[in-house]
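The values are calculated or read from the model by the stated rules, or taken from the named source; none is laboratory data. Everything numeric in this text was worked out from a predicted model, so none of it was measured. For neighbour counting, all protein chains shown are included, and Cβ atoms are generated from backbone atoms with ideal geometry for every residue, glycine included. SASA here: full protein model, heavy atoms, side chains in, ligands and nucleic acids out. Shrake-Rupley method; radii C 1.70, N 1.55, O 1.52, S 1.80 Å.
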Amino acid sequence: KVRFTQKDDGSLLVSGENPAKAEYELYYKTGLNQLSGIRLEVLPDDSLGAKGPGRTPHGNFVLNEVRVYASPSPDFDNDTLKLLALGQASANHSQKDWPAKNAIDGKGGAGTKGTGWAIGNRYGMPHTLDITLAKPLAIERGIHLHIVLDQEYGSQHTIGRFRMTARTGHF
């Protein structure tokens with residue numbers, strides 16, 4: 001079984017079973033009334049091959065698709081859950097042919113290697129993926145997020161340590 005352990009810095013370290021493919025589903029109460037985007041930080045860790053941030057022996061991963069849902073309710077019921085349109089994605093580093101924008105292009109996952117974001121040749125160091133919403137979101141009662149990180153590339157190209165941050169304003 002895949003396990004997530006929260007570290008002191010708020011990041012999550014993935015351990016346990018290391019499947020070929022994975023879909024991480026995360027639920028957050030943001031404490032925000034407005035949202036303009038999210039930041040995904042992938043982080044190195046001594047427990048990962050090549051210090052990660054991926055779970056492959058060489059430290060890479062492929063993030064095929066990011067989906068962000070929002071709700072005013074912490075119950076995430078189908079009546080209030082809304083899939084958000086994503087606008088742009090940028091990263092501090094992207095592997096050749098695996099740019100940040102591919103993580104939100106709608107072509108990743110679904111049982112195929114598809115497209116995605118990867119960090120090849122820059123292992124063992126932190127990287128960021130900044131995703132802006134197509135239009136800012138405002139929910140007066142507060143924003144609860146359900147974020148899906150789809151990793152369908154195979155060969156254990158999954159993220160090993162990461163931290164999510166909800167953003168307001170510009171990146």
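Mind checking which residues of segment 1-35 are over 24 Å from SER155 (Cα atoms) and open to solvent by 40 Å² or more (accessible area, probe 1.4 Å)? Residues satisfying the conditions are GLN6, LYS7, ASP8, ASP9, TYR27, TYR28, LYS29, GLY31, LEU32, ASN33, GLN34.
Every residue, every condition in (1) more than 25 Å from THR56 (Cβ to Cβ); (2) free of Cβ contacts under 8 Å to residues at least 40 places away in the same chain; (3) within 17 Å of the chain's Cα centre (by Cα), yes or no:
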residue: LEU86; (1), (2), (3): yes, no, yes
residue: ASN102; (1), (2), (3): no, yes, yes
residue: MET125; (1), (2), (3): no, no, yes
residue: ASP130; (1), (2), (3): no, no, yes
residue: ILE139; (1), (2), (3): yes, no, no
residue: ASP150; (1), (2), (3): no, no, yes
residue: HIS157; (1), (2), (3): no, no, yes
residue: THR168; (1), (2), (3): yes, no, no
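Consider ASP75 carefully, then state whether it is closer than 13 Å to TRP117 by Cα, open to solvent by 70 Å² or more (accessible area, probe 1.4 Å) and over 15 Å from the mean Cα position of the chain (by Cα). Judged against the criteria, ASP75 is not a match. Among the residues of segment 83-138, not one is open to solvent by 70 Å² or more (accessible area, probe 1.4 Å), closer than 17 Å to PHE162 by Cα and assigned to a strand (DSSP E or B).
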